[in-house]
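Here the structure comes first, spelled out in C-alpha cells, and everything after it is commentary.
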Amino acid sequence: LQNNITLDEEANPLNTTSIDNFLDGTTLAIGNQLLFSHAFQKKGRSLTFNLNGNYSQTTLKDQQNSSVEFTHMSGDRDMDQLGNLDSYNFNLTGKATFTEKLNNVTLLNIEYQGGLVHHQTDNRYHRLGLEQQYDILDSLLSNQFNNNYWTNSLGSGVRWKKKRLTTYVGAAYQRAELIPDFAFPEIKHSGIPSNSILPNANLTYRKRKT
C-alpha cells in the first residue's frame, strides 16, 4: 500500500494518490546434466559428451488498485485491474570434445557445442468492467511473445605442457541467431543471425613447491 500527495509551489495539496498492489505466484524449476566420457587405448585420445538441460515455469497473479483524488477540481480517477503473468524458460546445451595426443608435450583439442534458449511470456491485464468482472483487456500492459536463441560453435586448439609451464592456443567459429516471435499486441516475426571467430589463449606457470 502506497499513498502520495502532490503539492503546488506554495505547498498546497493538489491531489492524493493511493496505490494497492498484491502479488501471488508459484515457480517450478527442474535441471539435469548428463556426462559420458570414453578413453581410447592410445594414451591421450578421448571422447566426451556433455548434455545440460533446465526448465522453469512461473505463474503470477498481479492485483492492482489505484485512485487519484483531486483537491480543487473534479475528475477523480479509480483503476482496478488483474494481471495473469505466465512465463516459461527452457535451455538445452550439448558439447562434444575430442582430444588427441600429438607427442609427449602437445595435445590437440577439437570441440563442438550447440545450444537453445527458449523464453515464452504471456502477460494479460484486465480492468474491472461494469458487471464487476475483469473482462476489459488492457492492451498497453498486455503482451505475448516467444524468443528462441540458437548457438552453434566449432573450435580447435593445441595445448603445450612442459614442466611447470602450460600454454593453450585455439580458435572457434560461432553462429548465433535470435528469433523473436511476437504474437500480441502486434504479430511480428524476425531473425537476427550473427557469425564470429573467437580466438583464445592461455598461459599458466606453476611455481615450485616450497
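If you go through segment 33-52 and pick out every residue that is in a strand (DSSP E or B), in contact (Cβ under 8 Å) with a residue 40 or more places away in the chain and either aliphatic (A, V, I, L, M) or open to solvent by less than 80 Å² (accessible area, probe 1.4 Å) (or both), you end up with 6.
Against the numbered list (1) crowded, with 16+ Cβ neighbours inside 10 Å; (2) touching a residue at least 40 places away in the same chain (Cβ under 8 Å), Tyr112 comes up short only at (1).
Listed here are the strands (runs of 3 or more DSSP E) enclosed by segment 98-164 that have at least 2 residues being under 30 Å from Leu47 (Cα atoms) and not aromatic (Phe, Trp, Tyr): 106-128, 143-162. Take segment 120-139 and flag every residue that is more than 20 Å from Phe22 (Cα to Cα) and either aliphatic (A, V, I, L, M) or at pLDDT 95 or above (or both). Listed by number, the list holds a single entry, Leu130.
Considering each residue of segment 54-77 in turn, none proves to be of a type outside the set (Asp, Glu), under 30 Å from Asn103 (Cβ atoms) and either touching a Gly at 6+ places or on another chain (Cβ under 6 Å) or at pLDDT 65 or above (or both).
The values are calculated or read from the model by the stated rules, or taken from the named source; none is laboratory data. Owing to the predicted nature of the structure, the values given are computational and were not obtained by experimental measurement. Don't worry about glycine lacking a Cβ; one is built from the backbone with ideal geometry, like all the others, and counts go over all protein chains shown. Heads up: the accessible areas ignore ligands, DNA and RNA and are worked out on the full protein's heavy atoms, side chains in. Shrake-Rupley method; radii C 1.70, N 1.55, O 1.52, S 1.80 Å.
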